[in-house]
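Working notes, beginning with the structure itself.
Just so it is clear, none of the values below were taken in a lab; they were calculated from the coordinates. Since we're looking at a predicted model, the values are computed, not measured. Glycine also receives a Cβ, built like all others from the backbone with ideal geometry; neighbour counts cover every protein chain displayed.
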Amino acid sequence: MSARIFLQLLRRDLLIYKKEYPGKLLDMLITFIVWVIVFGYFVPKMGGTSDGYGVFIMVGAIASFGVFDIIGKAGILINDISGDRTISYLLLLPISSTLVFCYQALSWAFQSLVIAIPLYFIGKGLFWSELNLHNVTWYQLGLSLITVNVFFGFFALFLVSVLYKVNDLSRIYFRFINPLFLFGCYFFTWKVAYKISHWIGYLALIDPFSYVMEISRAAILGTHEYLPFWASFAALWGFTLVLGYIAIKRLKTILDCL
Amino acid sequence: MTSVFLSIKHVKKGYNKGRKISKEALKGVSFDIHEGEALGLIGVNGAGKTTLSSIIASLTPPTSGDVLWKGCSIYKNLKAYRMIVGFCPQKPNLDQLLTLDQNLLFSGRFFGMAEPDILKRKEELIELLELESYRDAVTSTLSGGYKQRFLIARSLIHSPKLIILDEPTVGLDPHIRHELWKIIRNLKKEGVSIILTTHYLEEAEAIVDRVCMIDQGKIKAVGTLSEVMKNYDKEKLEDVLLAIREEKS
């Protein structure tokens, strides 16, 4: 019964998301193409970057774009909790509240996943010869997409559980999320950070976004320059479980539900 | 007297500020709800009515005490209990992006109903609550009265045995309120037990079989309208409520 309700909740969200999807995809496409043109073609002309830097940035951009969409959705839930609390309807269904919160995170994860997939095809079109499909480990790509987006889903749920007002979201973004991204191996590999200073390398290991970048690049560009795929995989699931546990516990307290 | 459907036993609810309980909204509330009756939870704003109805709906846990259904704690088999309860909240918690029709369809699915049963029940409710012209409207576009009708329809989709209506007519025009009263009376005729939370006394007088007067988290009186008025030696429910308020001061 619980599984059936869980699937129906996801089905309802899909119906809603179907209407939003073309617009969302267009938003992401515009940002993605501009981003890739600037970092893939303009920045290398200034020198100082290695060959294949454009593809390197492209993979990181695809891996990370989902989180921006999800943070917007987290804002809607924060607003809801401090306002009409439409979520209370879901908390009265014959299903545990833990499953309701998990459904919410997984629904966001799915929405971010379906944005990421077409971007890979666009990316291949932009970097036709530079993106060598022989380097792609396809099952690892599949696993990395799922792992990264599930992590984003629970990360957003964690944000909802620690923020009381939607206005706090922009503060959190500038103070924490953006620095985590920039230090999280967005423009460089973990090995480069480690070479600069071992301490910077170790610090990057406590930043979950480092694993988001490294796992995606290891699956698409080959593992030799990046952290081992399975190490990033295990670390991301670890972060997902910890953040998910804290988020669900806090949300149960905030919403005072069973 | 019909048999007891639900027993509220010594229910307390405190709201915490840090580790300390900063406000005790319910201070040991006990009463019974009988099968097929309409019980009015009456009290002024802040009396604890919404907290109590949220606990009975199983949205909020009590700090202590229990709610018994068929003699067993509802918390032992919460999912089974939720299958027989419908809750119509004070604030419209609608899925704003779906149409009324889609909302009802998914509500039925959430309660594990078979598709043909949902479709049949949906049509019955749309007719009962006169929602036909709005079935394809996105719920965010509905007026207050129609939102309230829709909320009642949604809470009835799985044919619950108990429906909790938390201030269902607040802010509605008088003629819409009277129409909703008619709907609630029809539900009673169908054998649905009803808990109606209200601070409109004429609403209670028009609909309920018994009243439960609540003030500052305590039950002050439970009984039929005539019993409660007789006990307080008053002729109107409004005077009983005033007497209860005066007891406090």
- Task: Would you mind checking which residues have amide H under 5 Å from B:Asp215's amide H? H placed 1.01 Å from N; only 5 or more apart, or other chain.
- Result: B:Lys220
- Mean separation of Cα contacts under 8 Å, 6 or more apart, over the residue count of region B:91-159: relative contact order %: 49
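List the pairs from A:Lys252/B:Lys13; A:Lys191/A:Lys249; B:Lys76/B:Lys188; B:Lys23/B:Lys234; A:Lys24/B:Lys91 whose alpha-carbon separation is above 24 Å, in the order I gave them.
A:Lys191/A:Lys249; B:Lys76/B:Lys188; B:Lys23/B:Lys234; A:Lys24/B:Lys91
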- Item | Coil-residue GluC sites (Glu not before Pro) of region B:128-207, DSSP, other Cβ within 10 Å capped at 15 | B:Glu130, B:Glu190
- Query: Placing +1 at every Lys and Arg Cβ and -1 at every Asp and Glu Cβ, with all other atoms neutral, what dipole size does region A:2-255 have around its Cα centre, in debye to the nearest 20?
  - Reply: 520
- Message: Restricting to DSSP loop positions (anything but H, G, I, E, B) with no more than 14 other Cβ atoms inside 10 Å of their own Cβ, which chymotrypsin sites (Phe, Trp or Tyr not before Pro) remain in region B:108-145?
- Response: none
- Message: Let's test this: bin the Cα-Cα distances of region B:36-131 at 10 Å from zero up to the farthest pair and state each bin's percent.
- Response: 12, 35, 35, 17, 1
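If you restrict to DSSP beta bridges whose two residues both lie in chain B, what percentage is antiparallel, to the nearest 5?
Values: 25 of 43 bridges.
Roughly 60 percent of the DSSP beta bridges within chain B come out antiparallel.
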- Message: Rounded to whole Å, give me the distance from the Cα center of region B:74-153 to that of region A:14-58.
- Response: 42
- Tail beyond 32 Å, pair distance distribution of the protein assembly as shown (Cα, percent): 51
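Rounded to the nearest 20 Debye, what is the dipole magnitude of chain B about its Cα centre when Lys and Arg each give +1 and Asp and Glu each give -1 at the C-beta? If you can, show how the numbers build up before the last one.
On the way: 36 positive and 32 negative charges, 265 e Å.
In total the dipole reaches around 1280 debye.
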- Item | On Cα atoms only, tilt of B:115-128 relative to the major axis of chain B in degrees | 70
- Message: Pairs of alpha-carbon atoms within less than 8 angstrom and 6+ residues apart define the contacts here; what relative contact order does chain A have, in percent?
- Response: 24
- Using alpha-carbon pairs under 8 Å, 6+ residues apart, how would you state the relative contact order of chain B in percent? 26
- Query: Any idea what Rg and Dmax come out to for region B:91-159 if you just take the C-alpha atoms, in Å?
  - Reply: 10.8, 31
- Task: For region A:120-258, give the magnitude of the charge dipole about the Cα centre (Cβ charges: +1 Lys/Arg, -1 Asp/Glu; no others), in debye to the nearest 20.
- Result: 280
- Crossing angle, helix A:2-37 versus chain A [Cα axis fit, 0-90 degrees, rounded to tens]: 30
- Message: Using only alpha-carbon positions, what ratio does the radius of gyration of region A:2-255 give when scaled by 2.2 N^0.38 Å?
- Response: 1.03
- Message: Could you tell me which residue out of A:Phe209, A:Ile246, A:Pro94 lies farthest along the dipole of chain A toward its positive end? Charges go on the beta carbon: Lys and Arg +1, Asp and Glu -1, centred on the Cα centre.
- Response: A:Pro94
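Which value does Rg/Rh take for chain B over its C-alpha atoms, Rh per Kirkwood? Don't skip to the end; give the middle numbers.
Working: Rg = 18.2 Å, Rh = 18.8 Å.
In chain B, Rg relative to Rh is 0.97.
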- Task: Measure nothing but the geometry: give the 0 to 90° angle between the long axis through the Cα atoms of B:174-189 and the longest principal axis through the Cα atoms of chain B, rounded to 10°.
- Result: 90
- Mind listing the long-range amide H neighbours of B:Leu26? Cut-off is under 5 Å, sequence gap 5 or more, other chains count too, H placed in the peptide plane at 1.01 Å from N. B:Lys13
- Message: Quick check: Cα centre of region B:224-239 to Cα centre of region A:69-126, how many Å?
- Response: 52
- Query: If you count, for every residue in B:98-107, the Cβ atoms of partner chains within 10 Å of its Cβ, what is the mean?
  - Reply: 2
